[in-house]
């Protein structure tokens with residue numbers, strides 16, 4: 001059973017999310033918070049595995065709440081997905097830098113939400129198409145930096161298939177799209193991606209993309 005914590009200042013949003021999540025198999029909401037400060041307090045002791053965090057809230061926003069939560073709860077203990085209507089460039093970048101493991105729009109359907117929660121709970125990362133595009137554009141447009149020799153060596157340990165999938169991730173495609181292109185199942189693609197993350201020391205898909213660019217890998 002995947003345990004979820006909800007953070008949103010709008011009660012109707014929390015009620016809607018709870019209704020959706022509690023109706024999903026093997027998933028339940030066990031904690032809630034109505035603002036960033038309350039989220040930090042609840043997160044210190046929650047038994048939840050995944051937090052769905054809004055960005056714009058009274059008091060402190062979601063990004064600052066994540067920063068404070070990360071002081072006591074590292075990603076290995078508590079995974080965080082930003083769930084918001086504001087998927088702007090700086091929100092995505094600041095959220096991921098603060099320690100978020102995923103970034104989704106509030107417009108996602110129940111199936112996509114469930115997949116994201118499961119993926120993040122399992123140690124991966126989940127990005128909406130818009131968030132992935134923003135991250136990739138930011139890394140690609142950043143000033144050229146010297147190739148990180150250590151990361152390049154780690155990526156050199158990947159199998160040809162793992163390298164192929166990492167390269168595909170750099171274009172912004174998700175697991176399902178990559179699976180269709182390579183005539184594989186999404187589960188197989190995810191397995192190869194997870195192995196690549198383990199080999200290079202990336203905590204999730206977003207960090208895997210960032211590390212790949214630093215290692216000199218391009219689409």
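All of the numbers you see were taken from the coordinates with simple rules; none came from a lab. Note that the structure is a prediction, hence the values are computed from the model and not measured. Cβ coordinates were reconstructed from backbone atoms using ideal geometry, including for glycine residues, and neighbour counts include every protein chain displayed.
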Expected sort for 20, 81 with the fewest Cβ neighbours (10 Å cutoff) up front is 20, 81
Percent relative contact order for the chain, counting Cα pairs under 8 Å at least six residues apart, stands at 15 percent
For the chain, with equal point scatterers placed on the C-alpha atoms only and solvent neglected, what are the log10 I(q)/I(0) values from the Debye formula at q = 0.10, 0.18 1/Å, to two decimals?
-0.43, -1.29
How would you classify the stretch 166-219 from its alpha-carbon gyration tensor, with a ≥ b ≥ c the square roots of the eigenvalues: rounded for a/c under 1.5, else prolate if a/b is greater than b/c, otherwise oblate?
oblate
Just check the stretch 1-122 against the gyration tensor rule for me: Cα atoms, a ≥ b ≥ c as the square roots of the eigenvalues, rounded for a/c under 1.5, and otherwise prolate or oblate depending on whether a/b exceeds b/c.
rounded
Of 186, 146, 58, the one that fluctuates the most in a GNM where the chain has Cα springs shorter than 10 Å
146
Starting from 0.36 nm per residue, how many nanometres of slack lie between residue 111 and residue 164 once their C-alpha separation is accounted for?
16.4 nm
The simple spin-label model distance between residue 198 and residue 47, using points 7 Å out along Cα→Cβ, in nm, is 2.8 nm
Rounded if a/c is under 1.5, else prolate if a/b beats b/c, else oblate: with a ≥ b ≥ c from the C-alpha gyration tensor eigenvalues square-rooted, which is the stretch 1-50?
oblate
Taking neighbour counts of Cβ atoms within 10 Å as a proxy for exposure, in what order, fewest first, do 18, 73 appear?
18, 73
1/(1 + (r/R0)^6) with r = Cβ-Cβ of residue 149 and residue 122, R0 = 30 Å, i.e. FRET efficiency to nearest 0.05, evaluates to 0.45
What order do you get for 185, 34 when you list them from fewest to most C-beta neighbours inside 10 Å?
185, 34
Helix-only estimate, please: 222 nm mean residue ellipticity of the chain, summing -39500 (n - 2.57) across DSSP H runs of length 4 or more and dividing by its residues, to the nearest 500.
-15500 deg cm²/dmol
